[in-house]
Amino acid sequence: MFKNIVFDIDGTLIDTEKAYMNALLKVLNEQRHHDFTYEQVVTIFGIPAKEGLQELGLVDEDIPGIIKDWYVAFDDFADLAGIFDGVTNTLKSLQTFDVELGIVTSKTLAEFKSVFDPLGLTPIFQNVVTASDTDKHKPDPEPLLKMIEISGIPAEQTLYVGDTKFDLDCAHGAGVKFGLAGWGAHNNGQFQEMDYFLSRPAEIVDLVR
C-alpha cells in the first residue's frame, strides 16, 4: 500500500521539545524580560521559528535576533534531546521493505545539518525536504507536494508520520495519509481526522508488511 514513508523530525524522530522550549524560555524571559510559560511556548513547537514567534505576538523586528539567540541557547539544553526509543530499530526494519524513506521538516537546511545530522540517521533517508526548499511551510501542503515531486511516488502511496495538527493538515492538503506519532504528540482532541494512531514507532512496520 505505502511505498514512501515520510517523517517529521521534532516530536516524531527525535525528542527535542524540552530542549527547544526551555531554550526559548531562556531567551524570552531571562534575556528579553517577557513572562511566557512553558504551556504558551510549546504551542509553536514543530512550526517554522519565524511563524511561531509571530503567533506568540512578538514584534517582527525583534524576531531575527530572538531566533539567533534561541539556537545559541539550544546548546545549553542539548542534553535533553535524543532519538525516541524504538525509532532507530524501526527505521532499520523499514529498510528491509520495498519502500523509500523521507523527511519533511520545518527546520531550515542549516538547522537540519546542525541538529539532525549529528545523530547519524540522515543516511537512512533517500529524500529530505527542509523549510529551505519551499516558499510555503506546514500546514500548507507545499512541502509534501515537493516530496512527492522529488521521490516520484504518488500521494496515495505516501504516509506522513508527524506529531502536530500542522503535520496532519499538510498531509491531507497534499492528499497523503497521516499517521500520528503518539509517542511525541500532545493529543488534545485536535487529531480526529488522522488516518492512523501509532502508539510506538514499530507499528509503522505493520503498515508496510
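Please return the ranges of strands (runs of 3 or more DSSP E) entirely within region 87-202 where 1 or more residues are among the β-branched types (V, I, T) and without any contact (Cβ under 8 Å) to a residue 40 or more places away in the chain. Let's see the steps before the verdict.
Values: elements: 100-104, 127-129, 158-162, 177-181, 196-198.
Once the strands (runs of 3 or more DSSP E) in region 87-202 are filtered for at least 1 residues that are among the β-branched types (V, I, T) and without any contact (Cβ under 8 Å) to a residue 40 or more places away in the chain, what remains is 127-129.
If you go through region 12-41 and pick out every residue that is at pLDDT 95 or above and part of a loop (DSSP other than H, G, I, E, B), you end up with 8. Candidates in region 155-198 are the residues that are within 24 Å of E39 (Cβ to Cβ) and small (G, A, S); of these, the one that is surrounded by the fewest Cβ atoms within 10 Å (Cβ to Cβ) is G189. Selection of first residues in region 64-76 that are within 14 Å of S114 (Cα to Cα) and of second residues that are not in a helix (DSSP H, G or I), restricted to Cβ pairs under 9 Å at least 6 apart or on distinct chains, gives the following pairs, ordered by first then second residue: F74/T16; F74/A81. Counting the residues of region 45-73 that are part of a helix (DSSP H, G or I), in contact with an Asp or Glu (Cβ under 9 Å, 6 or more places away or on another chain) and either of a type in the set (V, I, T) or modelled with pLDDT under 95 (or both) gives 3.
Run H137 past the list (1) under 24 Å from K50 (Cα atoms); (2) open to solvent by less than 20 Å² (accessible area, probe 1.4 Å) and report the number of the one that doesn't hold. With respect to (1) under 24 Å from K50 (Cα atoms); (2) open to solvent by less than 20 Å² (accessible area, probe 1.4 Å), H137 is out only on (2). The residue that is nearest to E51 (Cα to Cα), counting only those in region 109-133 that are of a type outside the set (F, W, Y) and buried (at least 19 other Cβ atoms within 10 Å of the Cβ), is A131. Applying a threshold of 7 Å to beta carbon distances and a minimum spacing of six or more residues, or different chains, the list of pairs starting in region 27-51 at a residue that is touching a residue at least 24 places away in the same chain (Cβ under 8 Å) and ending at one that is among the acidic types (D, E) and open to solvent by 40 Å² or more (accessible area, probe 1.4 Å) reads V27/D69; Q31/D69. For the residues K107, K92, K68, the requirement of being on the phi < 0 side of the Ramachandran plot, among the basic types (K, R) and within 19 Å of the chain's Cα centre (by Cα) singles out K107. Can you name the residue in region 1-38 that is of a type in the set (D, E, K, R) and closer than 24 Å to V161 by Cα and, of all such residues, is most open to solvent (accessible area, probe 1.4 Å)? Taking the candidates together, the pick is K18. Screening I66 against (1) crowded, with 17+ Cβ neighbours inside 10 Å; (2) under 26 Å from L168 (Cβ atoms); (3) of a type in the set (A, V, I, L, M) leaves a single unmet condition, (2).
Going by the structure shown, is L119 hydrophobic (A, V, I, L, M, F, W, C) and closer than 21 Å to D69 by Cβ? So L119 does not fit the description; no. Restricting A73, A78, A23, A49 to those that are in contact with a helix residue (DSSP H, G or I) (Cβ under 9 Å, 6 or more places away or on another chain) and closer than 24 Å to C170 by Cβ reduces the list to A49.
The values are calculated or read from the model by the stated rules, or taken from the named source; none is laboratory data. Quick caveat, the model's predicted, so the values are computed rather than measured. When we count neighbours, we look across all protein chains shown, and the Cβ atoms used for this are built from the backbone with ideal geometry, even at glycine. The area values use the complete protein model at the heavy-atom level, side chains included, leaving out ligands, DNA and RNA. Shrake-Rupley method; radii C 1.70, N 1.55, O 1.52, S 1.80 Å.
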